Amino acid sequence: MSGPVDAVDAPALADVGHPAAPCVEVSDSREETVGKIRVRRALPRRGRRTVGAWCFADHMGPADVTESSGLDIGPHPHIGLQTVTWLTDGQVLHRDSLGSEQVIKPGQLNLMTAGGGVSHAEEATGHYRGTLEGIQLWIALPETTRNGPAAFEHHTELPQADLDNNAGTATVLIGDFTGLTSPARQDTLLVGTDLDLRAPATVPLRTEFEYALIVLEGTVAVHGRPLLPGSLGYLGEGRDELRLEVREPARAILLGGEPFPEPILMWWNFVARARPEIDAAHASWTSQDDRFGRVRSALPLIPAKAPYWPQSGENR
C-alpha cells in the first residue's frame, strides 16, 4: 500500500510544515486504489503536508483477500523516508531488496528505512484468507540519515499502557508515550500511538509537538468536532493533554512530533528536498541500475511515474 503521491495530494514544490496553535482542523481523506485495495489517504493533503516528520498516511481496507491475491503491489522504490506498516486485521507478506521476507500480522510493526534507496513488494501470504485492514505511514528522514544505508526491522511486541479509568489501551508504535518507549528506530523526535478506545479518555501530550488524529473505526470527537474514518483531525501544537470523546468503541492513530524544519518535496514513492534528486531516482528505477537493488518477487515491477514539474522554475 505504498504510495504513490502526486500533485493531487501535494504541490510539486519543496515546502516545510506549517504548525498551528491548538486547533481542530478537519480534512477529508482522498480515496485511491493502491494495488488491488481501496485506501483513504489522509496525508499529504494540500495545505497540510506533514505532522512532525509524518508525511504520509494511507488507511487501507477493510478488504477481502485470499492466499494468492491480496495487496499485490509489485517491487517499487523509495528514497528519503521510512515506511511504517501497522495492521489491525489480516496478514501481508513484505519482501525487500535487503533480502527481508516477513509476514506482518496485527499487533506487529514493520519499519523499513529507505535512506538513499531501497525497493520492496507487498504481497499475499500464500496462506491467509480473510479481511485485511491497516494503515501505512511514511516518516520523512532528516538530512543526517536521508542518504544513509537502507535498513529493515520487525517488532512482534510493542509496549502497551491502559488508559485512565479503563478507557482503553494505547500501543506505542514509535517514540515515547505515557513513559513507554517503542523499540522501533526513530530519527527525529516523534510519536505514533494506536488508541483502542472503549470510553472517553484524556491522553497526555508534549507541548513542543504538533499532533493529528486518524480514526480507523468508530467516531471520536475533539472539542465537539466529530472525526470519522476518512478524515484527518489536525490538532496543532502547544497542548499538554487531549480529551477524546467516544460513545462506542473506536480506534484511532495519534501522530505527533516536533515540527519538521526541513523543506520536503514528495513525488511518487520518493521524499526529497529538490527536483534533481527525484529526477535521478526516477532515472535509476527506469534504467534498473543498482541503486535500488532487486526484490525476490514474482510480481511485476511497478514502472516509474515520470515527475511533472510546473514550468515556473521554482525550487529547481
Point to revise | Leading residue by the ranking (modelled with the highest pLDDT) among those in region 203-242 that are of a type in the set (S, T, N, Q) and out of contact with any Gly (no Cβ under 7 Å at 6 or more places or on another chain) | key: T219
**Study point:** Residues located in region 31-43, provided they are farther than 17 Å from T83 by Cβ and modelled with pLDDT under 90
**Key:** E31, T33, K36, R38
Exercise for review: Keeping to region 81-93, report how many residues are in a loop (DSSP other than H, G, I, E, B) and under 18 Å from F152 (Cβ atoms).
Suggested key: 1
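Output yes when any residue across region 154-172 is of a type outside the set (F, W, Y), under 24 Å from P19 (Cβ atoms) and crowded, with 16+ Cβ neighbours inside 10 Å, and no when none is. So that I can check it myself, show each step before the final result.
Keep residues of region 154-172 that are of a type outside the set (F, W, Y), which gives 154-172.
Checking which are under 24 Å from P19 (Cβ atoms) leaves us with 170, 172.
Next, from what is left, pick out any that are crowded, with 16+ Cβ neighbours inside 10 Å: 170, 172.
Yes, because at least one residue in region 154-172 is of a type outside the set (F, W, Y), under 24 Å from P19 (Cβ atoms) and crowded, with 16+ Cβ neighbours inside 10 Å.
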Practice item. Look at region 49-61 and say how many of its residues are at pLDDT below 95 and either small (G, A, S) or surrounded by fewer than 18 Cβ atoms within 10 Å (Cβ to Cβ) (or both). Key: 1
Review point. Does region 14-28 include one or more residues that are at pLDDT 95 or above, surrounded by fewer than 23 Cβ atoms within 10 Å (Cβ to Cβ) and under 17 Å from the mean Cα position of the chain (by Cα)?
Key: no
Review point. Do the conditions hold for V271, that is, is it buried (at least 19 other Cβ atoms within 10 Å of the Cβ), among the aliphatic types (A, V, I, L, M), modelled with pLDDT of 95 or more and in contact with an Asp or Glu (Cβ under 9 Å, 6 or more places away or on another chain)?
Key: no
**Study point:** Selection count where residues are surrounded by fewer than 22 Cβ atoms within 10 Å (Cβ to Cβ) and over 13 Å from the mean Cα position of the chain (by Cα), scope region 62-90
**Key:** 12
Practice item. Evaluate region 228-242: report whether one residue or more is crowded, with 21+ Cβ neighbours inside 10 Å, touching a strand residue (DSSP E or B) at 6+ places or on another chain (Cβ under 7 Å), touching a residue at least 24 places away in the same chain (Cβ under 8 Å) and closer than 22 Å to N166 by Cα. Key: no
Point to revise | Number of the exception - E122 against (1) touching a residue at least 60 places away in the same chain (Cβ under 8 Å); (2) buried (at least 19 other Cβ atoms within 10 Å of the Cβ); (3) touching a Phe, Trp or Tyr at 6+ places or on another chain (Cβ under 8 Å) | key: (3)
Exercise for review: Consider R46 carefully, then state whether it is surrounded by fewer than 21 Cβ atoms within 10 Å (Cβ to Cβ), modelled with pLDDT under 95 and over 18 Å from E262 (Cα atoms).
Suggested key: no
Revision key, fill the gap. Those strands (runs of 3 or more DSSP E) completely within region 94-158 that have 3 or more residues that are under 26 Å from G230 (Cβ atoms) and modelled with pLDDT of 95 or more are 109-113, 130-140
**Study point:** Leading residue by the ranking (nearest to the chain's Cα centre (by Cα)) among those in region 178-199 that are part of a strand (DSSP E or B), within 14 Å of A252 (Cβ to Cβ) and of a type outside the set (A, V, I, L, M)
**Key:** G192
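Across region 146-177, what is the total count of residues that are closer than 26 Å to P4 by Cβ and more than 18 Å from the chain's Cα centre (by Cα)? Break it down stepwise before answering.
We begin by selecting, within region 146-177, every residue closer than 26 Å to P4 by Cβ; these are 146-154, 173-174.
Imposing the further condition that a residue be more than 18 Å from the chain's Cα centre (by Cα) reduces the set to 147-149.
Residues in region 146-177 being closer than 26 Å to P4 by Cβ and more than 18 Å from the chain's Cα centre (by Cα): 3 in total.
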Review point. Can you name the condition, by its number, that A57 falls short on among (1) touching a Gly at 6+ places or on another chain (Cβ under 9 Å); (2) not in a loop (DSSP other than H, G, I, E, B)?
Key: (1)
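Residue by residue, here is whether (1) touching a residue at least 24 places away in the same chain (Cβ under 8 Å); (2) in contact with a Phe, Trp or Tyr (Cβ under 7 Å, 6 or more places away or on another chain) holds:
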| position | (1), (2) |
| --- | --- |
| D164 | yes, no |
| A167 | yes, no |
| A170 | yes, yes |
| G179 | no, no |
| P183 | yes, no |
| V191 | yes, yes |
| L195 | yes, no |
| R198 | yes, no |
| A201 | yes, no |
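The values are calculated or read from the model by the stated rules, or taken from the named source; none is laboratory data. Computed from a prediction, not measured in an experiment: that's the story for all the values here. A quick note on method: Cβ atoms are made from the backbone with ideal geometry, for glycine too, and the neighbour counts reach across all protein chains shown.
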